[in-house]
There are 2 protein chains.
Amino acid sequence: MTTSPDGSFRPRSKRERTLAALIGAGLDLFERQGYEATTAAQIARTAGVTEMTFFRHFPTKAHLLLDDPYDPVLIAAVAARPRAERPFLRAVNGVRAAWRALPEPEEPAIRRRVRIVARTPSLRGEMWRSTGETERSIVEQLVADGAAPEAARVAAASVLAALVAGLYSWAERDTGTLTDAIDDALDVIDVRHD
Amino acid sequence: MTTSPDGSFRPRSKRERTLAALIGAGLDLFERQGYEATTAAQIARTAGVTEMTFFRHFPTKAHLLLDDPYDPVLIAAVAARPRAERPFLRAVNGVRAAWRALPEPEEPAIRRRVRIVARTPSLRGEMWRSTGETERSIVEQLVADGAAPEAARVAAASVLAALVAGLYSWAERDTGTLTDAIDDALDVIDVRHD
DNA sequence: GGCTTCATGTTAGTCACTAACATTTCTGAA
DNA sequence: TTCAGAAATGTTAGTGACTAACATGAAGCC
């Protein structure tokens, strides 16, 4: 995502301008009154647009916060790990590598969004649902390289859970870099790097 | 839960009789037409009752499947592990112990419900949301005994994710006991039992 | 058998979406 | 510049998950 700290970005087409307006209004309202108390219609109105238009840009209200492009990167990073590693370590190390590649300037925008998610139970559920797709792709990759499907599923799920838990902790405080936070989180479940 | 394989149980009061009717109708309909395609009103009608009555028994449609009483057991089991264990192992071993205590006769009913959840993305999200409460309790316990909050959060989240992944795998096949499935799942993330 | 309480029904409304169709706004080529 | 086709938006109407307020019926207790 090309957002800057306030959620806006340099608009090219009209579509992108509306998108930016919606995201800006959404983040503001969510932070001020909470996610549940904010209505899709209200966000749309604030952005000078109709409710219908909101749903043309986001399939669900939650997608305003959860639409991220990191998943393909993650999947690729896991795939790039040596096939000889056992599934669990492959997943851990892949996730580690993927997030190290994240440009630091994007961190404030991510923190803002994740913080809202971390504080809203229904959004945590949505986050997990969206992570589910990433999970499936990682499992596919591991299984294609010879892992047992059930072990692969457990590995992917627990590593992603650790990642998300680390993300939440990082977002709730105001200090530290994302990369460090994720490294620390993965260290908890990955005692020995062999 | 005191349900038998078909989701029914010996009814005492009128309330329990309606509850049983709703659960029975719900499971049947979910299995036949899928969760999303089944309406709360339809379940209610099938159970010979009004939509309003449905929501008097279950706060949400998902609760018909996710209302389980296992969480307190789980929390207690984690608490029972020696305080000297590091948080991650305490969580792993606690979860292991908790599920070993499950009476086998309940397995078919659990399998039926979990199978529906496993096949419905939105329910996987709901499951995670409901697991979130368990997670918080486990974290509280670990932190009260001296663990770092962030490590405790990661430990609880990833162990529960492994547990749920194991549950899903088990429910999707027709063989094996729940206890074994969960042990296998936890083995994936817990290499060395020290 | 009357009285209280609990389970249920009724009605009306909010909010997240979806579908079908109409209208406006861009944009690129003549 | 102009004008057609595409893209973005608006309008209307509806479904389904819930919620609140109020009314009614049936259970259980004395």
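Cβ-Cβ below 6 Å, separation at least six or inter-chain, first residue in segment B:13-28 and near DNA strand C (Cβ under 8 Å from one of its atoms), second modelled with pLDDT under 95: which pairs?
From residues that are near DNA strand C (Cβ under 8 Å from one of its atoms), the pairs are B:Arg17/B:Pro11.
Could you list, in sequence order, the residues of segment A:82-98 that are crowded, with 21+ Cβ neighbours inside 10 Å and farther than 15 Å from B:Ser158 by Cβ?
Across segment A:82-98, the qualifying residues are A:Arg90, A:Gly94, A:Ala98.
Please count how many residues of segment B:53-92 are touching a His at 6+ places or on another chain (Cβ under 9 Å) and at pLDDT 95 or above.
Here is the first cut: in segment B:53-92, the ones touching a His at 6+ places or on another chain (Cβ under 9 Å) are B:57, B:63-64, B:89, B:92.
Pick out the ones that are also at pLDDT 95 or above and you get B:57, B:63-64, B:92.
Residues in segment B:53-92 being touching a His at 6+ places or on another chain (Cβ under 9 Å) and at pLDDT 95 or above: 4 in total.
Which of the residues belonging to segment A:119-157 are among the polar types (S, T, N, Q) and not in a helix (DSSP H, G or I)?
In the first step, residues of segment A:119-157 are kept if they are among the polar types (S, T, N, Q); the result is A:120, A:122, A:130-131, A:134, A:137, A:141.
Listed by number, the list holds a single entry, A:Thr120.
Here's the yes/no breakdown for (1) in contact with a Leu (Cβ under 7 Å, 6 or more places away or on another chain); (2) among the polar types (S, T, N, Q); (3) closer than 19 Å to A:Glu172 by Cβ:
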site	(1), (2), (3)
A:Leu102	yes, no, yes
A:Glu107	yes, no, yes
A:Ile116	yes, no, yes
A:Pro121	no, no, yes
A:Glu126	yes, no, yes
A:Arg129	no, no, no
A:Ile138	no, no, no
A:Gln141	no, yes, no
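Based on this model, can you work out whether A:Glu106 counts as charged (D, E, K, R), within 15 Å of the chain's Cα centre (by Cα) and part of a helix (DSSP H, G or I)?
Criteria met by A:Glu106.
Which condition from (1) more than 16 Å from DNA strand C (Cβ to nearest atom); (2) at the interface with chain B (Cβ under 10 Å from one of its Cβ atoms); (3) among the charged types (D, E, K, R); (4) closer than 30 Å to A:Gln33 by Cβ is the one that A:Asp71 breaks?
If we test A:Asp71 against (1) more than 16 Å from DNA strand C (Cβ to nearest atom); (2) at the interface with chain B (Cβ under 10 Å from one of its Cβ atoms); (3) among the charged types (D, E, K, R); (4) closer than 30 Å to A:Gln33 by Cβ, just (2) comes out false.
Please specify each residue of segment B:45-60 satisfying the condition of being buried (at least 17 other Cβ atoms within 10 Å of the Cβ) and more than 9 Å from DNA strand D (Cβ to nearest atom).
B:Ala47, B:Val49, B:His57
Would you mind telling me which numbered condition in (1) assigned to a helix (DSSP H, G or I); (2) within 16 Å of DNA strand C (Cβ to nearest atom) A:Arg115 fails?
Every listed condition holds for A:Arg115 apart from (2).
Being basic (Lys, Arg), at pLDDT 95 or above and assigned to a helix (DSSP H, G or I), is that true of even one residue in segment A:170-177?
no
Residues being over 16 Å from B:Glu135 (Cα atoms), more than 16 Å from the chain's Cα centre (by Cα) and in a helix (DSSP H, G or I): count how many of those fall in segment B:47-79.
The total comes to 7.
Within segment B:25-43, which residues are open to solvent by less than 20 Å² (accessible area, probe 1.4 Å) and near DNA strand D (Cβ under 9 Å from one of its atoms)? Walk me through how you get there before you give the answer.
Step one: filter segment B:25-43 for residues open to solvent by less than 20 Å² (accessible area, probe 1.4 Å), giving B:25-27, B:29-30, B:38, B:40, B:43.
Result: B:Thr38, B:Ala40, B:Ile43.
Going through A:Ala148, A:Ala155, A:Ala181 one at a time, which residue ends up being touching a Ser or Thr at 6+ places or on another chain (Cβ under 8 Å), within 28 Å of B:Asn93 (Cβ to Cβ) and in the same structural domain as A:Leu74 (by TED's automatic domain parsing)?
Only one candidate qualifies: A:Ala181.
Could you list, in sequence order, the residues of segment A:136-158 that are at the interface with chain B (Cβ under 7 Å from one of its Cβ atoms) and either of a type in the set (A, V, I, L, M) or surrounded by fewer than 22 Cβ atoms within 10 Å (Cβ to Cβ) (or both)?
Here is the first cut: in segment A:136-158, the residues at the interface with chain B (Cβ under 7 Å from one of its Cβ atoms) are A:150-151, A:153-155, A:157-158.
Correct list: A:Glu150, A:Ala151, A:Val154, A:Ala155, A:Ala157.
For segment A:159-170, does any single residue satisfy the condition of being more than 22 Å from B:Phe88 (Cβ to Cβ), open to solvent by less than 10 Å² (accessible area, probe 1.4 Å), in contact (Cβ under 8 Å) with a residue 24 or more places away in the chain and not polar (S, T, N, Q)?
No: segment A:159-170 contains no residue that is more than 22 Å from B:Phe88 (Cβ to Cβ), open to solvent by less than 10 Å² (accessible area, probe 1.4 Å), in contact (Cβ under 8 Å) with a residue 24 or more places away in the chain and not polar (S, T, N, Q).
The values are calculated or read from the model by the stated rules, or taken from the named source; none is laboratory data. Quantities reported herein were computed from a predicted structural model and do not represent experimental measurements. FYI the Cβ positions are ideal-geometry reconstructions off the backbone, even for glycines, and counts take in every protein chain you see. Heavy atoms of the whole protein, side chains included, go into the accessibility calculation; ligands, DNA and RNA do not. Shrake-Rupley method; radii C 1.70, N 1.55, O 1.52, S 1.80 Å.
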